[in-house]
Amino acid sequence: MKKIKNESELLKEAIRVGTRYFEARGAGKFETTDHVDIKVRAIYLLLVKDAVIQPLATPNETILNMRHKLAIWISKNLPADHHLLQ
């Protein structure tokens, strides 16, 4: 797994965008007290179910890999001139 520049900031943006997608899709609503890992897992599973991202291999389905996958997903969906991609 190759480290991405600004990965932690990209993950925060992925969670923000993913939360809006999650709620707009009618999959539920996150509480402010929900742990980040719960949000990451739920967003990842919904994106896989909707065929937005390709699933990880079963032995590699860890929270760290899901976080990395969400960071990659958002980096591919941000505009090229976005400050997180610089």
Subject >> Subset of segment 40-56 (residues that are without any contact (Cβ under 8 Å) to a residue 24 or more places away in the chain and either among the aromatic types (Phe, Trp, Tyr) or within 18 Å of Arg16 (Cβ to Cβ) (or both)) >> reply: Ala42, Leu45, Val52, Ile53
Original post:
Looking at segment 33-52, which of its residues are surrounded by 16 or more Cβ atoms within 10 Å (Cβ to Cβ) and not charged (D, E, K, R)?
Top reply: Val40, Ala42, Ile43, Tyr44, Leu46, Leu47, Val48
Original post:
So, in segment 55-76, of the ones that are farther than 14 Å from Lys2 by Cβ and of a type in the set (Val, Ile, Thr), which residue ends up surrounded by the most Cβ atoms within 10 Å (Cβ to Cβ)?
Top reply: Ile74
Original post:
in contact (Cβ under 8 Å) with a residue 24 or more places away in the chain and in a loop (DSSP other than H, G, I, E, B) - does that describe any residue in segment 6-17?
Top reply: yes
Original post:
Do we have Ala80 as of a type in the set (A, V, I, L, M), modelled with pLDDT under 95 and outside any helix (DSSP H, G or I) here?
Top reply: yes
Original post:
Can you pull out the residues in segment 57-86 that are closer than 17 Å to Arg16 by Cβ, over 10 Å from the mean Cα position of the chain (by Cα) and charged (D, E, K, R)?
Top reply: Lys76
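The values are calculated or read from the model by the stated rules, or taken from the named source; none is laboratory data. Just so it is clear, the structure is predicted and the values come from calculations on it, not from any experiment. Neighbour counts run over all protein chains shown; Cβ positions are idealised from the backbone, glycine included.
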